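The values are calculated or read from the model by the stated rules, or taken from the named source; none is laboratory data. Please read these numbers as outputs of a predicted model, since none were measured by experiment. No Cβ is skipped: glycine too gets one built from the backbone with ideal geometry, and neighbour counts run over all protein chains shown.
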Amino acid sequence: MIENIDVSIGKKEVELQPLLLHMERCKLQFINDTTQFARAWFVKEALEYAMKKPEITLQLDKEQLAKMKEQVNNLANNADKIVTNSLLDPELWWHRTPHVNADAAAYEQLGNETVGNKFPEVLDKAVRRALGELGTILEQFGYGVTTSALNVSYAEFWFERNQETGGIHPFFPHLLEWSQEMQNTVMKYDVVYKKGLAVFKEIMLLKDEKKRQEAAALWNSI
């Protein structure tokens, strides 16, 4: 019987491997999609703040504005490093740390005409951490943003506090719509994730049954 279980486990593990590889490809594609999105977003969002708060922009001289634009452009040019650092965390991707108790809806995208789109929280937070780097520039040039502390003099809190360590990280706090490419890639990941989770659960059930039979065999041998 135990030999039969080993055969079943082997078959299921073979079935799981291509699913894990597919999820890894989706992860890399999502990082690329998000990099393209962030590169354009940094420039666009900086301009929106310059126009949304003209009283601040007009107080800056041309040298200060040129310095701000240079920093924004540098941020855009380094979007690949910023996004990769945020999205490579294995904890964001089930296939990197497979576990049985994962939420089957963890990578689903929800949305309607009333509240708009709601993206998978685990990835949305990571995306917002990457985009939050713009807040450090807006803060430096006086646009009422803080990325480091709660202060009533600031209108916008662009940071996230780590619940475990208490550390603070820049974080974009406002309404955010992912690019269509990002959405499409995560939808592909979600489909394969659900299949992979189901197969992984079967593997773990088989392994549990194997342990029970081994325990019974040991008991009966004494």
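Residue-by-condition table, conditions (1) polar (S, T, N, Q); (2) crowded, with 18+ Cβ neighbours inside 10 Å; (3) touching a Pro at 6+ places or on another chain (Cβ under 8 Å):
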residue	(1), (2), (3)
LYS11	no, no, no
LEU19	no, yes, no
ALA40	no, no, no
LEU65	no, no, no
LYS69	no, no, no
ASN77	yes, no, no
THR84	yes, no, no
**Complete:** Out of (1) in contact (Cβ under 8 Å) with a residue 24 or more places away in the chain; (2) in a helix (DSSP H, G or I); (3) closer than 30 Å to LYS194 by Cβ, the one PRO98 does not meet is (2)
**Request:** Would you point out which residue out of PHE42, PHE37 is in a helix (DSSP H, G or I), in contact with a Leu (Cβ under 8 Å, 6 or more places away or on another chain) and either small (Gly, Ala, Ser) or on the phi < 0 side of the Ramachandran plot (or both)?
**Result:** PHE42
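Condition check ((1) touching a residue at least 40 places away in the same chain (Cβ under 8 Å); (2) loosely packed, with under 13 Cβ neighbours inside 10 Å) across all residues:
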site: LEU131; (1), (2): yes, no
site: ILE137; (1), (2): yes, no
site: TYR143; (1), (2): yes, no
site: SER148; (1), (2): no, no
site: GLU156; (1), (2): no, no
site: GLY166; (1), (2): no, yes
site: GLU177; (1), (2): yes, yes
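Rundown of residues vs (1) in a loop (DSSP other than H, G, I, E, B); (2) touching a Cys at 6+ places or on another chain (Cβ under 6 Å); (3) modelled with pLDDT under 95, yes/no style:
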site: ASP103; (1), (2), (3): yes, no, no
site: THR114; (1), (2), (3): yes, no, yes
site: ASP124; (1), (2), (3): no, no, no
site: VAL127; (1), (2), (3): no, no, no
site: ALA130; (1), (2), (3): no, no, no
site: LEU134; (1), (2), (3): no, no, no
site: LEU138; (1), (2), (3): no, no, no
site: GLY142; (1), (2), (3): yes, no, yes
site: ASN151; (1), (2), (3): yes, no, yes
